[in-house]
Amino acid sequence: MNFTLTIMGTASAMPISDRNPSAQALAVHGRLFLLDCGEGTQQQMRRAHLSFLKVEAIFISHIHGDHLFGLFGLLNTMAMYGRTADLYIYGPQALGSVLNFYRSFFADGSAYEIRFTAVDCKEPQVVHQSKWVTVSAFPLNHKIECYGYRFDEIVTERHWKENPDYHPKSYAYCSDTAPFAQEAAWVKGVDLLYHEATYPGEMADKAAARWHSTAGQAAQCARDAGAGQLVVGHYSSRITDFGALAQECRDIFPDTVLAQDGDIIEF
Ligand SMILES: [Zn+2]
Ligand SMILES: [Zn+2]
């Protein structure tokens, strides 16, 4: 069984002409899980032919606009399509107030329920159990409360019967964060790791001051975690030399992909 990750935004801070802000869709057995929901997410979903009605849950990392300004429009479109299935949303406590604002002004006539659960943890904690995957949240090291999410495939008896050496798939999403001691341990051994790489190494001071990572720090996390593959994004608009950024990552972790909007990664 394949996991399919669609990258819908690779900009930081604001949309630019060829990049949207952070948003990803992970497809597992036809179910969709969204990671962050930057401005333009619903248009990116249309371009990628992803169904609004198949979204089971949305995981928001933190309450910075570049990670959630696409949420209201998406929720509204789901209602217009006549969605009836519950929609699970996870994020920091403050997201509850944002969703209440949406409900009080825009959810009239909506036929589905938004089931919000506030994430509040100091170490990894399971937040969502789906049919095929378990999703855990873990705290990141950003200016405000911020969470990463890890997806681990649930292996059934059938998997083992068909293949006793079956390797369960896993994915981790490390949104805005400066490096921190436990990070690699919390994403240990994932097949695919997304890690922000907002700045090149020569702007390490800026990265630290703004609670972000450099490309090299993202690669270091992937290496320490023993990840299978690394995908980076959330690029500063100040980056001009993406070849150099790729090299900075690959010097430390060779199997690195510099994400572009619209990329599809199967693993
Ligand atoms: Zn951001
Ligand atoms: Zn942020």
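For the reader, a short list of remarks on this structure follows.
- Qualifying position, being within 12 Å of the chain's Cα centre (by Cα), within 16 Å of ligand 2 (Cβ to nearest atom) and under 15 Å from Ile264 (Cα atoms), among Gly38, Gly9: Gly9
- Matching residues, region 159-177, being among the aromatic types (Phe, Trp, Tyr) and free of Cβ contacts under 8 Å to residues at least 60 places away in the same chain: Trp160, Tyr166
- Condition broken by Phe69, with the remaining ones in (1) surrounded by fewer than 21 Cβ atoms within 10 Å (Cβ to Cβ); (2) within 26 Å of Lys131 (Cα to Cα); (3) touching a Gly at 6+ places or on another chain (Cβ under 7 Å) satisfied: (2)
- Positions within region 171-222 being in a helix (DSSP H, G or I), away from ligand 1 (no atom under 15 Å from the Cβ) and surrounded by 24 or more Cβ atoms within 10 Å (Cβ to Cβ), in sequence order: Glu183, Ala215, Gln217, Ala219, Cys221, Ala222
- Counted residues, region 26-43 - those being buried (at least 23 other Cβ atoms within 10 Å of the Cβ), away from ligand 1 (no atom under 13 Å from the Cβ) and in a strand (DSSP E or B): 3
- Residue that is farthest from the chain's Cα centre (by Cα), among those in region 223-236 that are assigned to a loop (DSSP other than H, G, I, E, B) and within 16 Å of ligand 1 (Cβ to nearest atom): Ser236
- Close Cβ contacts (under 8 Å, 6 or more residues apart or on different chains) running from residues in region 193-210 that are more than 15 Å from His142 (Cα to Cα) to residues that are among the charged types (D, E, K, R) and away from ligand 1 (no atom under 13 Å from the Cβ) comprise Pro200/Asp241; Pro200/Glu248; Gly201/Glu248; Met203/Arg238.
- Evaluated against (1) surrounded by 18 or more Cβ atoms within 10 Å (Cβ to Cβ); (2) under 24 Å from Val28 (Cα atoms); (3) more than 16 Å from ligand 1 (Cβ to nearest atom), Ser61 falls short on exactly one condition, (3).
- The residue that is farthest from ligand 1 (Cβ to nearest atom), counting only those in region 3-22 that are polar (S, T, N, Q) and part of a loop (DSSP other than H, G, I, E, B), is Ser17.
- Single residue of region 153-170 satisfying the filter (surrounded by 17 or more Cβ atoms within 10 Å (Cβ to Cβ) and outside any loop (DSSP other than H, G, I, E, B)) that is nearest to ligand 1 (Cβ to nearest atom): Ser170
- Inside region 112-128, residues that are out of contact with any helix residue (DSSP H, G or I) (no Cβ under 7 Å at 6 or more places or on another chain) and touching a residue at least 24 places away in the same chain (Cβ under 8 Å) make up a count of 9.
- Filtering Tyr194, Tyr166 for residues that are out of contact with any Asp or Glu (no Cβ under 8 Å at 6 or more places or on another chain) and at pLDDT below 95 leaves a single hit, Tyr166.
- Matching residues, region 1-41, being under 16 Å from Leu53 (Cα atoms) and modelled with pLDDT under 95: His29, Gly30
The values are calculated or read from the model by the stated rules, or taken from the named source; none is laboratory data. Keep in mind the model is a prediction, meaning the values are calculated, not measured. Using ideal geometry, Cβ is built from the backbone for each residue, glycine included, and neighbour counts are taken over all protein chains shown.
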